[in-house]
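> One structure coming up, written as structure tokens, with questions to follow.
The values are calculated or read from the model by the stated rules, or taken from the named source; none is laboratory data. All figures in this text were calculated on a predicted structure; none of them were measured in a lab. Note that each Cβ is placed from the backbone with ideal geometry, even for glycine, and that neighbours are counted across all protein chains shown. Only protein heavy atoms, including side chains, enter the accessible area calculation; ligands, DNA and RNA are left aside. Shrake-Rupley method; radii C 1.70, N 1.55, O 1.52, S 1.80 Å.
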Amino acid sequence: MRKVLWGLWVLMAFSGCKKAEEVSDPAAGAVGEQAPGVHDDAVVAGPYTVTKEKLDAYVGYQRRMLEVYGTLLKGLQNLGALVDAGTPEAMAAAREGLKVVEAKSKAEAEARKEAKLSEADVNGLAEVVTAVISQRQLGRTLQYEEELKKLEALQARLPPEQQQGMAEQVASMRAQVDAFQKLSDARRDYGDANVDIVLTREEDLIQNYQEMLRVFTGTRR
């Protein structure tokens with residue numbers, strides 16, 4: 001159960017918000033209330049269109065949510081053991097877990113309003129940003145460019161007949177590097193314009209992504 005709870009939070013982090021998660025607060029108004037002039041579209045034709053203004057707002061939205069995730073996660077840390085144990089405290093633990101989820105929904109709604117983003121904006125931006133940044137981060141982690149350079153250097157030092165034997169391996173590695181650099185899949189799915197705009201904030205978005213991982217794994221800088 002503990003692993004399930006943590007896995008759920010990782011999947012929800014930085015993702016779009018589901019309307020089913022919204023909780024009304026009589027004192028603060030509906031959690032799903034949108035900023036003035038901002039509306040959700042019932043049906044969106046084609047991929048979401050990313051603009052510089054919306055992307056800048058989304059980077060701020062991510063940072064705002066990072067401030068609250070750490071605190072909210074503490075409320076779940078000890079719930080798994082209680083629920084697994086099947087003790088009388090299990091039901092109370094489950095209720096506390098629901099309160100944490102409700103708090104997350106409220107925090108998301110407040111962050112959206114501060115950023116002047118609708119729920120549709122957050123969902124659309126999250127989808128495009130995740131497609132781009134996850135690939136860029138994976139490319140950095142695997143260090144394919146560095147490995148390709150080493151492989152090409154090794155190939156160049158070999159006799160001509162042995163170089164040919166490495167040609168297929170080098171070509172395969174070069175194709176992998178090309179895929180991470182050009183983001184062909186993301187461009188096919190979301191369009192060149194969307195990908196290019198996301199890349200203008202690549203460093204900030206990767207920093208947010210890495211910080212999110214630190215929050216969820218409990219590691220420090």
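> Going by the alpha-carbon gyration tensor, a ≥ b ≥ c the square roots of its eigenvalues, is segment 158-211 rounded (a/c under 1.5) or, if a/c is not under 1.5, prolate (a/b greater than b/c) versus oblate?
In terms of gyration-tensor shape, prolate.
> Now for a different question. Using a Förster distance of 45 angstrom, determine the FRET efficiency expected from the C-beta separation of Leu199 and Ala103, and round it to 0.05.
Once the sixth-power term is evaluated, E becomes 0.85.
> Follow-up question, since we're still on this one. Structure shown: which of Lys149/Lys182; Lys116/Lys182; Lys52/Lys113 lie over 27 Å apart, alpha-carbon to alpha-carbon?
Beyond 27 Å between Cα atoms: Lys116/Lys182.
> Taking all protein chains as present, what is the carbon and sulfur share of the accessible area of segment 150-203, in % to the nearest whole number, probe 1.4 Å?
Answer for segment 150-203: carbon and sulfur cover 50 percent of the accessible area.
> Continuing with this model, one more query. Once ligands and nucleic acids are excluded and a 1.4 Å probe is used, how much of Ser134 is accessible, expressed in Å² to the nearest 10?
Using a 1.4 Å probe on the heavy atoms, I get roughly 50 Å².
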